[in-house]
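Visitor: Have a look at this one.
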Amino acid sequence: MDLQVTNSPFNQDQIDLLNRLLPTLTEQQKIWLSGYIAAAPAAVSAEAQAVQAPAAPLELESQPQVPEVSKDVTILFGSQTGNGQGIAEELSGKLEAKDFNVIMSAMDQFKTNALKKVENLFIIVSTHGEGDPPDNAISFHEFLHGRKAPKLENVHYSVLALGDTSYEHFCQTGREFDKRLEELGGDRLYDRVECDVDFDEDAAEWVENVVEALSKEVEQSAAGAPHAQPQPVGAGAPAPAESKPAHSRTNPFQAELLENINLSGRGSNKETRHLELSLEDSGLEFAPGDSVGIYPENEPELVDKLMDEMSWDPDELVVINKKGDTKTVRDALTGTYEITVLTKPLLEKAAPLSDNERLHELVKEGNEEAVREYIYGRDLIDLGRDFSPWNVPVSEFLPILRKIPPRLYSIASSSEANPEEVHLTIGTVRYDAHGRARTGVCSGQCAERAEIGEKLPVFIQKNPNFKLPEDTDTPIIMIGPGTGAAPFRAFLEEREEQEAEGKTWFFFGEQHFSTDFLYQVEWQRWLKDGVLTKMDVAFSRDTEQKVYVQHRMLEKSRDFYDWLMEGAIVYVCGDEEYMASDVHEAMKTILQQEGGMSEEDADAYLEDLQQQKRYQRDVY
Ligand SMILES: Cc1cc2nc3c(=O)[nH]c(=O)nc-3n(C[C@H](O)[C@H](O)[C@H](O)COP(=O)(O)OP(=O)(O)OC[C@H]3O[C@@H](n4cnc5c(N)ncnc54)[C@H](O)[C@@H]3O)c2cc1C
Ligand SMILES: NC(=O)c1ccc[n+]([C@@H]2O[C@H](COP(=O)([O-])OP(=O)(O)OC[C@H]3O[C@@H](n4cnc5c(N)ncnc54)[C@H](OP(=O)(O)O)[C@@H]3O)[C@@H](O)[C@H]2O)c1
Ligand SMILES: Cc1cc2nc3c(=O)[nH]c(=O)nc-3n(C[C@H](O)[C@H](O)[C@H](O)COP(=O)(O)O)c2cc1C
C-alpha cells in the first residue's frame, strides 16, 4: 500500500520522496534502514520533529554512505591432513557464538556460483606436494584463478595459510589465494597469517583477530560510523565458552601402549612396527581412514649432546609459550622444541645470536642454494657446533625454535573389530648423514624406547576425504605399498564386521616377499573368506627389474578399467612424492588404453572421479 498523508505522519513532500524510494529498496536495505532509524538518535529526533510540525523534506542523500556489513560469513577450508579443517571448525564456533550466520565448507564441496553472494569470506588453506593445493582445494583454486572467477568487490576476506618452513614453497597456496582475492577486488579485512607446523598459537591468534575485526566492522556499519581498520588483538582475548571433546589435538589423551611388534622379518632393510594403543575411557572415536596424531619426544642422548655442545644448564627454567609456562631446559628440549630439523628461517633467526662470520655469510641473500645444501640432513647439534661462538643465554636461543609437531599415522584398525583400541603401522626412519646415524623422532621413539604399558600423548585426526562408501555393495580398489597398507587393514576389518557384499581389490608392494610382506597372514585369511576379492603384490627387490604396484595395475588394466566402470572407488595411500604420482599416471594410461580416451579426457575423468570422491588419497 502506498503511503499517504492520511495514513502516515508525513507531509506530501515526504510522502512523494518515500513512495519513490521504498519500492526500490531490497529487503536487506529495508531492514538496515529500520535498524538505522531505530538506533540513530539524530534520525529519531528528526522524525519526532516531523510528527510535531510540517518540516523540510527528508534529506535522503545526506544519510551516511557506509555500506552495511552483513553477519553472513563463509568459511572455506582446503585441508589434506585435517589441521585446516580443525581451525575452520574453531573459527566457525567462535563466530556462531557471536551470532554470525556461518556457512563452513570444504572448498570442493562449495558451489562456486554461490561465491557472488558471499560478503565475508575466510579462507584457511594448507600447502601440500611441492607448493600445491591440498586435494580438496584443487578445483576451487583452479576456478578462482580462472577467467570465470567473479569480481569480489565488497567481499571482506582474510586468509590463514598453513605450511611448513622446511618446504621450499612455504604457504604457497595460501599466498596465491590471498593475492587472487585482492586481484578480484576483495577487501582484506585482516592480513594473511602464515603458520608453520607449530601453528596452534598463531592460528588461535588469527581466529581471535578476524572475529574481532569482523565484529567491529559490523558494529561500526550498524552505527553508521565510517569504515575503520580494525586493530589486532592478542590471543589472550576472552573467548566464549564452548563445549569441546575431552581430548583433542590441543589436549591429547595419554594412551597406554598395549603391543609393539616388529613386522619386518630378519634380514629386512626395514623396521616396520605394529603398535596397539588403548583408547579406553578416552571418549575418542574414529572411523577407518582417520589418523592418529602422536606427540613424540626427542631422543634423550641427542638432548644431552645438544646441551653439552651449547654449554646450557639442564636445570635452568625457561619460558616455553606465550602464556608464560616454564620448564627446565632439559624438559623443554625433550618435549617442547624441535631440535632435529633446520630451516632457512631458523638459520636467519640464529645468525644474530652468533659471532660466527660463516653463518652471517650463509644467510645473505642469493645464498639460498647453499642454505638448502647446508640444512639437508643436519640438526641443531650440527648448527651449534658449526657456527659457535653463541653469545646469548639459552632463554634467548630457545624461542627461535619451532615446537615439535605431532606425527600422523593412518589408523590400521577398525573400532568395530577392536573396540577401545587403535592400531598403527609405523616405518622406522633411519639414515646416516654428515657422519652421524640419525633416527626419526617419532618412529625412532616407537622403535627404540616405547615400552609396553607406557603412555603416548595421542589425538584423532579425522579425515573425511578418505572414507569407505556408505553403500557396502560399492566395489573398492586399494593401492597401498609399504606403510600405505595401514588404512586398508582398517578398511577390511570394517568390511568384515559389516559383512559387506561389495568387491575389494588390494595392491600391495614392498621390497622382499620373505621379509616385508606386512600383515601377510591377515590378507590371506581375508582372501580365503572372501572379504578381499583380489590381491596383487609387487615385491620390488625380488627380481632383477623393479616391480611396483603400478606395474601390477597395468598388467590388469582391463579388469581395473571394468571395476572403474562398475563404480569402484579408488584409494591410494603411502608415499606422495613418487608412488602416488606414478599410480596416477598408471590410471591415466589404463583409461586411455582400455577406454580409448585422449590424454585430456583421461585427466578430466580422473578430476571428475576426485570430485565425486571416487578417487581418494591419503599420501605423505
Ligand atoms: C596423513 C599422514 C599419514 C601418515 N601415515 C603414516 C603411517 O601410517 N605410517 C608411517 O610410518 N608413517 C606415516 N606418516 C608419516 C609420519 O607422520 C612421519 O612423518 C614419519 O613417521 C616420520 O616421522 P619421524 O618423527 O619418525 O621422523 P622425522 O624426525 O620427522 O624425520 C623424517 C625426516 O627426516 C629426513 N630424512 C629422512 N631420510 C633422510 C635422509 N636419508 N637424508 C636426509 N634426511 C632424511 C626427512 O626430512 C624426513 O622428512 C603419515 C603422514 C601423514 C601426513
Ligand atoms: N613426508 C613425510 O612426512 C614422510 C615421512 C616418512 C616417510 N615418508 C614416505 O613414506 C613412504 C612410505 O615408506 P615405506 O617404508 O612404508 O614404503 P616405501 O618406501 O614407499 O616402499 C614400499 C614399496 O614401494 C616401492 N616404491 C618405491 N618407489 C615407488 C614408486 N615410484 N611407485 C611405486 N612403488 C614404489 C618400494 O620399492 P623400492 O624401495 O625397492 O624402491 C617398496 O617396494 C616413503 O617412501 C617415504 O618417502 C614420508
Ligand atoms: C606430503 C606433504 C607435503 C607438504 N608440502 C608443503 C609445501 O610444499 N609447502 C608448505 O608450506 N607446507 C607443506 N606441507 C606442510 C603442510 O602444509 C602442513 O603440515 C599443514 O599444517 C597441513 O595442514 P592440513 O592438515 O590442513 O592439510 C606438506 C605436508 C606434507 C605432509
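Visitor: Output the residues belonging to the stretch 371-398 that are in contact (Cβ under 8 Å) with a residue 60 or more places away in the chain and closer than 24 Å to residue 327 by Cα.
Guide: 379, 380, 381, 384, 390, 394, 395, 397, 398
Visitor: Let me ask you something else. Starting from residues that are within 21 Å of residue 488 (Cβ to Cβ) and surrounded by 16 or more Cβ atoms within 10 Å (Cβ to Cβ), keep the ones in the stretch 585-614 and report whichever is farthest from ligand 1 (Cβ to nearest atom).
Guide: My answer is 590.
Visitor: Name the residue that is farthest from residue 335 (Cα to Cα), counting only residues in the stretch 392-431 that are in contact with a helix residue (DSSP H, G or I) (Cβ under 8 Å, 6 or more places away or on another chain) and of a type in the set (Gly, Ala, Ser).
Guide: Result: 417.
Visitor: Kindly indicate whether residue 531 is surrounded by 15 or more Cβ atoms within 10 Å (Cβ to Cβ) and in contact with a Lys or Arg (Cβ under 7 Å, 6 or more places away or on another chain).
Guide: Yes; evaluated as a whole, the condition is true for this residue.
Visitor: Please verify whether residue 301 is over 13 Å from residue 380 (Cα atoms), modelled with pLDDT of 95 or more, away from ligand 2 (no atom under 16 Å from the Cβ) and in contact with a helix residue (DSSP H, G or I) (Cβ under 7 Å, 6 or more places away or on another chain), treating the condition exactly as stated.
Guide: Working: over 13 Å from residue 380 (Cα atoms): yes; modelled with pLDDT of 95 or more: yes; away from ligand 2 (no atom under 16 Å from the Cβ): yes; in contact with a helix residue (DSSP H, G or I) (Cβ under 7 Å, 6 or more places away or on another chain): no.
The answer is no for residue 301.
Visitor: Scanning the stretch 551-584 for residues that are of a type in the set (A, V, I, L, M, F, W, C) and farther than 20 Å from residue 611 by Cα, which turns out nearest to ligand 1 (Cβ to nearest atom)? Even if it seems obvious, please write down each step before you answer.
Guide: Step one: list which residues in the stretch 551-584 are of a type in the set (A, V, I, L, M, F, W, C), which gives 553-554, 560, 563-565, 568-570, 572-573, 579-580, 583.
Now drop any that are not farther than 20 Å from residue 611 by Cα, which leaves 553-554, 579.
Values: 553: 21, 554: 26, 579: 13 Å.
If we take residues in the stretch 551-584 being of a type in the set (A, V, I, L, M, F, W, C) and farther than 20 Å from residue 611 by Cα, then 579 is nearest to ligand 1 (Cβ to nearest atom).
Visitor: Of 346, 398, which residue is in contact with a strand residue (DSSP E or B) (Cβ under 8 Å, 6 or more places away or on another chain) and buried (at least 17 other Cβ atoms within 10 Å of the Cβ)?
Guide: 398
Visitor: Pairs, please: C-beta under 6 Å, at least 6 apart or cross-chain, first residue modelled with pLDDT of 95 or more and in the stretch 188-208, second of a type in the set (S, T, N, Q)?
Guide: Close Cβ pairs satisfying both conditions: 189/158; 190/158; 190/209; 196/165.
Visitor: Can I ask one more? For the stretch 539-620, give me every one of the helices (runs of 4 or more DSSP H) that falls completely inside it and has 2 or more residues that are within 26 Å of residue 511 (Cβ to Cβ) and within 16 Å of ligand 3 (Cβ to nearest atom). Break it down stepwise before answering.
Guide: Working: elements: 549-555, 557-565, 581-595, 599-611.
Those helices (runs of 4 or more DSSP H) span 581-595.
Visitor: If you don't mind, another one. Please go through the stretch 570-586 and pick out each residue that is within 21 Å of the chain's Cα centre (by Cα) and not hydrophobic (A, V, I, L, M, F, W, C). Lay out the reasoning, then the answer.
Guide: So the first thing to find is which residues in the stretch 570-586 are within 21 Å of the chain's Cα centre (by Cα), and the list is 571-577, 580-581.
Within the stretch 570-586, 571, 574, 575, 576, 577, 581 qualify.
Visitor: Can you tell me which residue among 429, 441, 422 is within 16 Å of ligand 3 (Cβ to nearest atom) and either surrounded by 20 or more Cβ atoms within 10 Å (Cβ to Cβ) or under 23 Å from the mean Cα position of the chain (by Cα) (or both)?
Guide: Details: 429 fails: either surrounded by 20 or more Cβ atoms within 10 Å (Cβ to Cβ) or under 23 Å from the mean Cα position of the chain (by Cα) (or both); 422 fails: within 16 Å of ligand 3 (Cβ to nearest atom).
Only one candidate qualifies: 441.
Visitor: Something else now. Filter the stretch 135-165 down to the residues that are among the aliphatic types (A, V, I, L, M) and either buried (at least 22 other Cβ atoms within 10 Å of the Cβ) or within 10 Å of residue 186 (Cβ to Cβ) (or both) and list them by number. Explain how you work it out, then say what you get.
Guide: Looking only at the stretch 135-165, we keep the residues that are among the aliphatic types (A, V, I, L, M), and these are 137-138, 144, 149, 152, 155, 159-162.
Matches in the stretch 135-165: 137, 144, 152, 155, 159, 160, 161, 162.
Visitor: Identify the residue in the stretch 462-519 that is without any contact (Cβ under 8 Å) to a residue 60 or more places away in the chain and assigned to a helix (DSSP H, G or I) and, among all such residues, is surrounded by the fewest Cβ atoms within 10 Å (Cβ to Cβ).
Guide: Among those that are without any contact (Cβ under 8 Å) to a residue 60 or more places away in the chain and assigned to a helix (DSSP H, G or I), it is 513.
Visitor: Continuing with this model, one more query. Can you tell which of 366, 377 is among the small types (Gly, Ala, Ser), out of contact with any helix residue (DSSP H, G or I) (no Cβ under 8 Å at 6 or more places or on another chain) and within 16 Å of ligand 2 (Cβ to nearest atom)? Let's see the steps before the verdict.
Guide: Details: 366 fails: within 16 Å of ligand 2 (Cβ to nearest atom).
So the residue among 366, 377 that is among the small types (Gly, Ala, Ser), out of contact with any helix residue (DSSP H, G or I) (no Cβ under 8 Å at 6 or more places or on another chain) and within 16 Å of ligand 2 (Cβ to nearest atom) is 377.
The values are calculated or read from the model by the stated rules, or taken from the named source; none is laboratory data. Keep in mind that this is a model prediction, so the values were computed, not measured. Glycine also receives a Cβ, built like all others from the backbone with ideal geometry; neighbour counts cover every protein chain displayed.
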